[in-house]
1. Restricting attention to the stretch 7-19, and to residues there that are touching a residue at least 12 places away in the same chain (Cβ under 8 Å) and surrounded by fewer than 17 Cβ atoms within 10 Å (Cβ to Cβ), which single residue is nearest to the chain's Cα centre (by Cα)?
2. Report yes if some residue within the stretch 75-93 is within 28 Å of TYR182 (Cβ to Cβ) and not acidic (Asp, Glu); otherwise report no.
3. Residues in the stretch 183-202: is at least one among the aromatic types (Phe, Trp, Tyr), in a loop (DSSP other than H, G, I, E, B) and open to solvent by 20 Å² or more (accessible area, probe 1.4 Å)?
4. I'd like the full set of residues that are part of a loop (DSSP other than H, G, I, E, B), open to solvent by 80 Å² or more (accessible area, probe 1.4 Å) and modelled with pLDDT of 65 or more, limited to the stretch 85-102.
5. Report, ordered by the first and then the second residue, all pairs with beta carbons closer than 6 Å, sequence separation of six or more or different chains, a first member in the stretch 214-236 that is farther than 15 Å from TYR203 by Cα, and a second member that is among the charged types (D, E, K, R).
6. For the structure I just gave you, tell me whether PHE271 is surrounded by 15 or more Cβ atoms within 10 Å (Cβ to Cβ) and hydrophobic (A, V, I, L, M, F, W, C).
7. Evaluate the following for THR206: is it without any contact (Cβ under 8 Å) to a residue 24 or more places away in the chain and open to solvent by less than 70 Å² (accessible area, probe 1.4 Å)?
Amino acid sequence: MWDPSKGIHIGSFTLHFYSLMFVFAFGFGYVLMMRIFKIDNVNQKYLEPLFTWTLIGTILGARLGHVIFYQPELFKEDFWSVFLPISTKNGFKFTGFSGLASHGATIALIFTTLYYSFKIIKKNPFWVYDRLGIVVALGGAFVRMGNFFNSEIVGKPADPNSPFALLFPQQSSEYGLTVPRYPSQLFEAAGYVLLFILLWVLYRKTDKKYQQGWLFGLFFIILWAIRFFVEFLKEPQGDEFIQIGGLNTGQVLSIPFMIAGVVIMIVSKKFKITEEENAKPE
């Protein structure tokens, strides 16, 4: 039985666990990227703008991605809720963002990081993507933990005798009767933690960080493969209007990213640098 409180009550204010997981994702991400910049001997002044552009890309892209891929009717029915954590439908009220999509966040991050790479740190974008991928893998685990606390993105019904079967009494009413389900959020979070460990070990113990794009390509392949396979255990999210050959929207959108990862790993051979070239000159 999974029936937690929604958050930590501080007087009349409630700090929701989902919001707390986002704070952890960006907080640990900031500390981790600070450590990475020290290892690579990069000036810490480039850290703040990276954090800012990553935050903007993640939140805005994730929100737009959810609306475009899963809830496009909001553009007509409640336009301002697309960009702001409010609802103007049936009266004004603060709602927080109730829908975020990782595919949208990824697309937006690609563009915000391109700007950061060319205009601010002036490095090959693949250099930044390699290191950002390590941070995102860990952050993704925190976000899925937030989904678990919210009893959202629940799994499909499971055999009651399965060691993975859980009851989500707080689940959205769209799923109907409360029945034993797979904790798909935890499966995905565990996959992302393992991916983070793998990328960190490769970054610290091998010279692959000098082959710009290699770590990022591997990150793309594994991250979206995890998402692809866990989708088999998930309930549909909103209107699954993108479906091909029995694959749902999340799976169809993950395939191009996995293919891109393979291509990036192949072309990364052209972007090798030396240890001396790795540090940004001042």
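1. Filtering the stretch 7-19 for residues touching a residue at least 12 places away in the same chain (Cβ under 8 Å) gives 7-8, 16-19.
Okay, now just the ones that are also surrounded by fewer than 17 Cβ atoms within 10 Å (Cβ to Cβ), so 7-8, 16, 19.
Details: GLY7: 21, ILE8: 24, HIS16: 19, SER19: 14 Å.
Within the stretch 7-19, the match that is nearest to the chain's Cα centre (by Cα) is SER19.
2. The initial filter retains those residues of the stretch 75-93 that are within 28 Å of TYR182 (Cβ to Cβ), namely none.
So far as the stretch 75-93 goes, no, none of its residues is within 28 Å of TYR182 (Cβ to Cβ) and not acidic (Asp, Glu).
3. Here is the first cut: in the stretch 183-202, the residues among the aromatic types (Phe, Trp, Tyr) are 187, 192, 196, 200.
Now drop any that are not in a loop (DSSP other than H, G, I, E, B), which leaves none.
No.
4. If the condition is that a residue be part of a loop (DSSP other than H, G, I, E, B), open to solvent by 80 Å² or more (accessible area, probe 1.4 Å) and modelled with pLDDT of 65 or more, then LYS89, ASN90, PHE92 are the ones that fit.
5. That search, which allows pairs on different chains as well, returns VAL230/GLU188; LEU233/LYS156; GLU235/LYS156.
6. Values: surrounded by 15 or more Cβ atoms within 10 Å (Cβ to Cβ): yes; hydrophobic (A, V, I, L, M, F, W, C): yes.
When the stated conditions are applied, PHE271 passes them.
7. Values: without any contact (Cβ under 8 Å) to a residue 24 or more places away in the chain: yes; open to solvent by less than 70 Å² (accessible area, probe 1.4 Å): yes.
Considered against the rule, which asks whether it is without any contact (Cβ under 8 Å) to a residue 24 or more places away in the chain and open to solvent by less than 70 Å² (accessible area, probe 1.4 Å), THR206 comes out as yes.
Listed here are the residues, each with its yes/no results for (1) closer than 30 Å to LYS209 by Cα; (2) in contact (Cβ under 8 Å) with a residue 40 or more places away in the chain; (3) in contact with an Asp or Glu (Cβ under 9 Å, 6 or more places away or on another chain).
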residue: TYR116; (1), (2), (3): yes, yes, no
residue: ASN124; (1), (2), (3): yes, yes, no
residue: LEU138; (1), (2), (3): yes, yes, no
residue: PHE142; (1), (2), (3): yes, yes, no
residue: GLY155; (1), (2), (3): no, yes, yes
residue: ASN161; (1), (2), (3): no, no, no
residue: LEU166; (1), (2), (3): no, yes, no
residue: GLY176; (1), (2), (3): no, no, no
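The values are calculated or read from the model by the stated rules, or taken from the named source; none is laboratory data. Note that this is a predicted model, so its numbers are computed, not measured. Backbone-built Cβ (ideal geometry, glycine too); neighbour counts: all protein chains shown. To get the accessible areas, we keep the full protein, side chains included, count just its heavy atoms, and leave off ligands, DNA and RNA. Shrake-Rupley method; radii C 1.70, N 1.55, O 1.52, S 1.80 Å.
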